[in-house]
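One structure below.
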Amino acid sequence: MRQLRAARGLSQEELAYESGMNRTYLSAVERAERNVSVDNIARIAKGLGVEPWKLLKDS
């Protein structure tokens, strides 16, 4: 998620706004400190402009 966000030039705050989520939650997800639901994966993917499976792909 961090690589996709950085590649699009988005800050965590901007991604949070685009995804309709809390910035601190997204930050914790990025650092693998929080589990993320399938619904939230879809919301994050929409904010990044990618398909949800790209967030699940092991890089």
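The values are calculated or read from the model by the stated rules, or taken from the named source; none is laboratory data. What you see is a predicted model, and the numbers here were worked out from it, not measured in a lab. We place every Cβ from the backbone using ideal geometry, glycine too, and count neighbours over all the protein chains shown. With ligands, DNA and RNA removed, areas are computed over all heavy atoms of the protein, side chains included. Shrake-Rupley method; radii C 1.70, N 1.55, O 1.52, S 1.80 Å.
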> Taking segment 1-15 as the search range and keeping residues that are touching a residue at least 24 places away in the same chain (Cβ under 8 Å) and not charged (D, E, K, R), which one is least open to solvent (accessible area, probe 1.4 Å)?
Replying inline: Leu15
> Out of segment 27-59, which residues are open to solvent by less than 50 Å² (accessible area, probe 1.4 Å) and in contact (Cβ under 8 Å) with a residue 24 or more places away in the chain?
Replying inline: Val29, Glu30, Ile44, Gly47, Leu48, Val50, Leu55
> If you go through segment 26-46, how many residues are within 13 Å of Arg2 (Cα to Cα) and part of a helix (DSSP H, G or I)?
Replying inline: 7
